[in-house]
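The values are calculated or read from the model by the stated rules, or taken from the named source; none is laboratory data. Quick caveat, the model's predicted, so the values are computed rather than measured. FYI the Cβ positions are ideal-geometry reconstructions off the backbone, even for glycines, and counts take in every protein chain you see. When the accessible area is computed, the model is the full protein with side chains, heavy atoms only, and any ligands, DNA or RNA have been set aside. Shrake-Rupley method; radii C 1.70, N 1.55, O 1.52, S 1.80 Å.
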Amino acid sequence: MCGVFKPFCVAALFLAAATPVVAQQKNAPAAAQKSSPATQQANPPDQPQTAQDRFWAELNKLDWKYGPTQGDIGRKATISVPKGSVFLSSAGTRRFLELLGNLGDDASYTFAPSDLAWFSVFSFESSGYVQDDEKIDPDALLEILKKNNVAGNEERKKRGLETLALEGWYVAPHYDIQTKRLEWGTRLRPESGEITVNYAIRLLGRSGVMSVILVSNPTSLDNDVKSFKAALAGFDFNTGEKYSEFRSGDKVAEYGLAALIVGGAAAAAAKSGAFKFLGKFVGIGVIGGLAAAWAAVRAFFSRKQA
């Protein structure tokens, strides 16, 4: 399984006996508390700490917020975090992604169910108001994405990360004019050979676009997408940031819907550098690397629950 968490393939090799992410949180579910390193250590105190021990110790340090609460996505939006869900700040998300073998980001936020059956990453692009009257051509966009993926893989190699081949659409891009939501999914195959699916959503706002990536196992993606979309009912742009609040004189983006799919700010790449989309965690190669690590986390948690 290789979704947004696919780069976690290396870490997956030593996660077989790890502790769930929620283990040491004060408000963690009871099942997670039972398997806390405080009560169940992977190794006796007199033995050297293993890589897996260090990994889980780092995960447990993250600032997980447990529902019911509210997650603030910068100063642009909020999302309701109901009971059974968790939220990570930008600092926590950066470290979370790094631990999963992916590129970190300074302005991204994580939302997930507390059992990590799937997880999502939110980040805002202050592009300006994106006009939504552009026609989308899936075939033409796929060709552009494949070219971008080649460049993305070169960057991944430089950083010692696993490369990924873009095989095609899992879900062709489509836009809902009522919800101002653009969605699509791509199928990726990492060097390890296991298919990864990146499911992306763009939520249009007054001053820019909220980018959301869902990380899920392809075998459960359909159900996870339904759960994720239900969670998005609790998402809302802050007052003054809603798409409907656009006023004459506001900044208008230099690109439309198609550019959001091929890299976020593809039309403005000359201003920010060819790999801007990698740093913003919206590129294909970036997110594809997280799935394996997350798969190991989820598998372990499921075994504990059983």
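By average Cβ neighbour count within 10 Å, what is the ranking of 156-166, 205-215, 135-145 from highest down? Write down the numbers at each step before the final one.
On the way: 156-166: 18.0, 205-215: 24.4, 135-145: 14.2.
Listed from highest to lowest mean packing, they are 205-215, 156-166, 135-145.
Under a 1.4 Å probe, what is the accessible area of segment 65-220 per residue, stated in Å²?
Numbers: 6340 Å² over 156 residues.
Solvent-accessible surface per residue comes out at 41 Å².
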**Value of Rg/Rh across segment 102-172 [Cα atoms, Kirkwood radius]** = 1.01
**Message:** If I stretch the segment between residue 69 and residue 174 completely, what's the gain in nm (0.36 nm per residue apart, minus their alpha carbon distance), one decimal?
**Reply:** 34.7 nm
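How much of the accessible area of segment 119-159, in percent, comes from carbon and sulfur atoms when a 1.4 Å probe is used?
On the way: 1030 of 2230 Å².
About 46 percent, which is the carbon plus sulfur part of the accessible surface.
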**Item:** Carbon + sulfur, % of accessible area of segment 168-262 - ligands and nucleic acids excluded, 1.4 Å
**Value:** 48 percent
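Please compute, over every Cα-Cα pair in segment 42-135, the percentage with a separation greater than 14 angstrom. Kindly include the intermediate steps, with their values, before the conclusion.
Details: 3086 of 4371 pairs.
That tail contains 71 percent of the Cα-Cα pairs.
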**Fill in**
FRET efficiency for residue 137 and residue 47 from the Cβ-Cβ distance with R0 = 51 Å, rounded to 0.05, comes out at 0.30
**Message:** Between residue 151 and residue 226, what is the label-point separation in nm under the 7 Å Cα-to-beta-carbon projection?
**Reply:** 3.9 nm
